[in-house]
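A short worksheet on the structure shown next.
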Amino acid sequence: MILPGNSKLTSAIPFKVLKVRLQMLVLVTSCLVALVVISVSHRVYRWRNPKCKGKLPPGSMGIPIIGETIQFFTPYKSDVFDLSPFIKKRAARYGSLFRTSVVGQLIVVSTDPDLNHYVFQNGKLFQLWYTNSSTGILGKESIAEQQGLMHKHLRNLVLNLVGPGNLKENLLKEMDTITRMHFDKWAPLGTFDVKEESGNVILFGPRYCYSSFNMIFNYGALKLISYDESKSGRRLQECYTAMLDGIVSFPLNIPGTAFHKCMEGRKRAVNFIKETIDKRRMMETPQGDFLDLLLKEMENKDAILTEEIVLDLIFLLLFLTFESTSSAITVALKFIKENPAVLAELTNEHEAILQSRAKSDQDSGVTWKEYKSMTFTSMVINETVRLANIATLMLRKTVQDVEFKGYTIPAGWLVMVCPGSPHLNPVMYHNPLEFNPWRWEGQELHSASKNFIAFGGGARHCAGADFAKLQTALFIHHLVTKYRLAIWTIVKGGEIVRKPGLVFPNGLHIKISEKNEQ
Ligand code: HEM
Ligand SMILES: *[C@@H]1O[C@H](CO)[C@@H](O)[C@H](O)[C@H]1NC(C)=O
Ligand SMILES: *[C@@H]1O[C@H](CO)[C@@H](O)[C@H](O)[C@H]1NC(C)=O
């Protein structure tokens with residue numbers, strides 16, 4: 001039934017009423033808009049002016065939640081060894097301490113050597129913590145999450161493997177043999193990629209990429225869990241691609257994010273390690289690797305290690321053993337290539353080692369004494385890690401409000417230590433952007449030095465520094481002795497991008513010709 005006059009009823013609303021209704025609508029809407037604007041600007045204001053009982057360091061906080069994440073991670077190619085434009089600009093504007101926000105964290109960036117030192121020396125006030133994303137990727141029980149006694153215990157276990165004692169007694173000989181074998185393989189290939197780019201799987205050879213990256217990863221994995229790539233049928237290494245991109249990121253576990261990629265990699269790697277542990281428990285004979293040691297520790301009646309801790313430790317060590325060292329080697333080769341005088345001096349040092357060996361010992365491999373005599377090589381390595389700042393930043397979380405030079409760093413904030421700030425400071429290093437190994441001549445350094453923090457400092461000082469240095473020295477040794485005064489050219493790659501970690505977008509492909517022995 002159609003009600004007659006229905007339409008009449010509507011049209012009967014007088015124009016005046018309609019106008020009032022419209023005005024109300026406009027009023028309500030503008031009130032709502034005003035409320036939103038007020039609450040947004042309140043949020044923005046709160047975001048930009050975080051709560052603090054004292055005086056916060058100056059700085060901008062960017063927009064809520066996102067903060068200055070985008071600016072912080074913007075890749076840069078020019079002045080790739082200089083401090084990032086992000087930090088340089090803000091340090092010039094605000095001074096050596098400034099506040100910012102990256103990946104949702106409230107952060108005080110320190111380019112102040114005194115604060116860096118204070119942070120390293122006070123592990124209780126400033127706990128190592130690399131944001132929620134790293135906890136997700138590296139695990140809740142990783143060495144990075146451990147404090148106090150448990151940290152000390154794990155650190156000692158790691159040092160048993162990669163510390164100077166074991167390097168001298170066992171690893172030097174093995175590493176030397178493996179490096180030599182790889183050079184023998186690389187030689188006929190003529191050209192090889194020093195740092196395999198993550199997605200770039202096979203460059204040469206039927207099965208492997210003969211890159212330093214691959215060599216170092218497989219050696220680390222062999223020592224840790226007796227991993228043998230050719231037998232396992234799986235490329236464990238692939239679980240670790242793009243790991244660096246995700247460690248400090250927004251912990252959004254959705255396809256497409258770096259974090260998600262890392263979490264997937266973690267899942268596969270942890271599964272593999274777990275299978276290895278299960279198999280190992282059924283074996284009767286020990287394999288003589290790091291896992292044996294950990295399993296023995298776990299079986300102690302007053303064991304403090306759990307399977308979780310063991311999994312996370314091995315997962316992290318697999319990553320640490322190769323990632324930074326292969327970057328160091330790659331960038332060292334680039335520096336050496338660009339500085340013929342350095343190559344000549346290195347060649348002299350290593351040729352001299354061969355010459356001082358007895359004839360019968362020519363092929364006996366590098367000894368510890370010889371390694372310790374590689375002074376110039378050690379200078380080259382120090383200079384490489386100083387200038388390249390392979391570990392670009394270190395993070396700590398404050399457990400309580402900390403006063404420093406008139407400022408307050410509130411509890412729960414992160415402090416970001418930038419090794420580049422002392423390393424590229426012209427007061428501490430003359431002409432800091434120049435690669436000059438000779439600057440290390442006669443330098444007396446100790447690990448607590450404020451000016452040299454490439455391997456960190458304090459109780460969290462890099463446990464693998466000696467391991468990485470030895471591996472780099474052996475790589476250089478075989479390069480300059482096998483290819484005496486090698487004539488090499490970079491055939492491809494060699495570009496470096498920072499975001500702000502070092503990235504080699506096309507690897508570094510070098511072609512070497514063996515020097516004619518006349
Ligand atoms: C050139 C190569 C390397 C560089 C530049 C480097 C740099 C660093 C830095 C800066 C830290 C301190 C992080 C912090 O304080 O937040 C660190 C810690 C650490 N590094 Fe390295 N590292 C290198 C190679 C290695 C290798 C090969 C290993 C593997 C065995 C390793 C194992 C560790 C461990 C276990 C820690 C944590 C120590 C702790 O928390 O007590 N590093 N590394
Ligand atoms: C980190 O995780 C904690 C606990 O899950 C959460 O309260 C916090 O909001 C997270 N922070 C960020 C920046 O994601
Ligand atoms: C290189 O740096 C280390 C500190 O990590 C220091 O002990 C060593 O003496 C330095 N080497 C040279 C040749 O200066």
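The values are calculated or read from the model by the stated rules, or taken from the named source; none is laboratory data. Being a predicted model, the structure only gives us computed values, none of them experimental. Cβ: placed from backbone, ideal geometry, glycine included. Neighbour counts: every protein chain shown. What goes into the accessible areas is simple: the full protein's heavy atoms, side chains included, and nothing from ligands, DNA or RNA. Shrake-Rupley method; radii C 1.70, N 1.55, O 1.52, S 1.80 Å.
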- Taking Cα atoms only, helix 465-482 is inclined relative to the longest principal axis of the chain by an angle, in degrees rounded to 10, of 50 degrees
- Task: Provide the percentage of antiparallel DSSP beta bridges, counting only those with both residues in the chain; round to the nearest 5.
- Result: 90 percent
- Note on the structure: Taking Cα atoms, the helix 148-162 axis meets the longest principal axis of the chain at an angle in degrees (rounded to 10) of 40 degrees
- Each label point is 7 Å from the Cα along the Cα-to-Cβ direction; what then is the distance between the points at residue 122 and residue 338, in nm? 3.8 nm
- So what J values fall out for region 117-131 if you push phi through Karplus, 6.51 cos²θ - 1.76 cosθ + 1.60 with θ = phi - 60°, rounded to Hz, Gly and Pro as x? 4, 4, 5, 5, 7, 10, x, 7, 6, 10, 8, 4, 7, 9, 6
- Message: Keeping all protein chains in place and using 1.4 angstrom, which order do 114, 363 fall into by accessible surface area, from largest down?
- Response: 363, 114
- Task: Using a 1.4 Å probe and ignoring any ligands, DNA or RNA, find the accessible area of residue 228 and quote it in Å² to the nearest 10.
- Result: 50 Å²
- Item | Sum of -39500 (n - 2.57) over DSSP H runs of 4+, divided by residues of the chain (222 nm, nearest 500) | -15500 deg cm²/dmol
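Only Lys, Arg, Asp and Glu count, each charged at its Cβ (+1, +1, -1, -1), so figure out the dipole size of region 1-150 about its Cα centre, rounded to 20 debye. All intermediate terms of the calculation are to be shown ahead of the outcome.
Values: 18 positive and 7 negative charges, 207 e Å.
For region 1-150, the charge dipole is close to 1000 debye.
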- Task: Work out how much length residue 156 to residue 42 would gain on full extension: take 0.36 nm times their residue separation and subtract the Cα-Cα distance, in nm to one decimal.
- Result: 36.1 nm
- Message: Along the charge dipole of the chain, pointing to its positive end and built from +1/-1 on Cβ of Lys, Arg, Asp and Glu, which listed residue (391, 86, 217) has its Cα farthest out?
- Response: 86
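Suppose every Lys and Arg Cβ carries +1 and every Asp and Glu Cβ carries -1, with no other charges. What dipole size does region 43-115 come out with about its Cα centre, to the nearest 20 debye? Don't jump to the answer; show the numbers that get you there.
Working: 12 positive and 5 negative charges, 100 e Å.
Charge dipole of region 43-115: 480 debye, to the nearest 20.
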- Query: With every protein chain left in place, what is the accessible area of residue 77 in Å² (1.4 Å probe, nearest 10)?
  - Reply: 150 Å²
- Query: Using alpha carbons only, how many degrees (0 to 90, rounded to 10) separate the axis of helix 290-299 from the longest principal axis of the chain?
  - Reply: 70 degrees
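Go through 234-240, 42-48 and give me the packing order, highest mean Cβ count within 10 Å leading. Walk me through the intermediate numbers first.
Values: 234-240: 17.9, 42-48: 12.7.
Highest to lowest by the protection proxy: 234-240, 42-48.
Going by a ≥ b ≥ c, the root eigenvalues of the Cα gyration tensor, does region 290-435 fall in the rounded group (a/c under 1.5), the prolate group (a/b larger than b/c) or the oblate group?
On the way: a/c = 3.00, a/b = 1.23, b/c = 2.44.
Verdict is oblate for region 290-435.
Estimate the FRET efficiency between residue 16 and residue 411 by the formula 1/(1 + (r/R0)^6), using the beta-carbon distance for r and 56 Å for R0, to the nearest 0.05.
On the way: r = 61 Å, r/R0 = 1.09.
Efficiency at R0 = 56 Å is approximately 0.35.
Order 90, 498, most accessible first, counting only protein heavy atoms with a 1.4 angstrom probe. Kindly include the intermediate steps, with their values, before the conclusion.
Details: 90 30, 498 5 Å².
The most accessible residue leads, giving 90, 498.
Assuming a ≥ b ≥ c are the square roots of the Cα gyration tensor eigenvalues, decide whether region 248-368 counts as rounded (a/c under 1.5), prolate (otherwise, with a/b larger than b/c) or oblate.
Working: a/c = 3.61, a/b = 1.47, b/c = 2.45.
The shape class here is oblate.
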- Task: For region 349-357, just list the computed ³J(HN,Hα) in residue order, Karplus coefficients 6.51, -1.76 and 1.60, θ = phi - 60°, integers in Hz, with x standing in for Gly and Pro.
- Result: 4, 7, 5, 4, 5, 4, 5, 7, 6
- Item | Top positive-direction residue, dipole computed over the chain with Cβ charges, set 26, 182, 355 | 26
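Got the relative contact order for the chain handy, in percent, Cα pairs under 8 Å and 6 or more residues apart? Intermediate results must be reported in sequence, preceding the final value.
Working: 692 pairs, mean separation 117.5, N = 518.
Here the relative contact order equals 23 percent.
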- How do 181, 282 stack up against each other in accessible area, from largest to smallest, with a 1.4 angstrom probe? 282, 181
- Query: Quick one: length gained pulling residue 430 to residue 362 fully straight, 0.36 nm per residue minus the C-alpha distance?
  - Reply: 20.5 nm
- Note on the structure: So for the chain, using the alpha carbon gyration tensor with a ≥ b ≥ c as root eigenvalues (a/c under 1.5 gives rounded; past that, a/b versus b/c decides prolate or oblate), I'd call it prolate
- Query: Where nothing but the Cβ of Lys and Arg (+1) and of Asp and Glu (-1) is charged, how large is the charge dipole of the chain around its Cα centre, in debye to the nearest 20?
  - Reply: 2540 debye
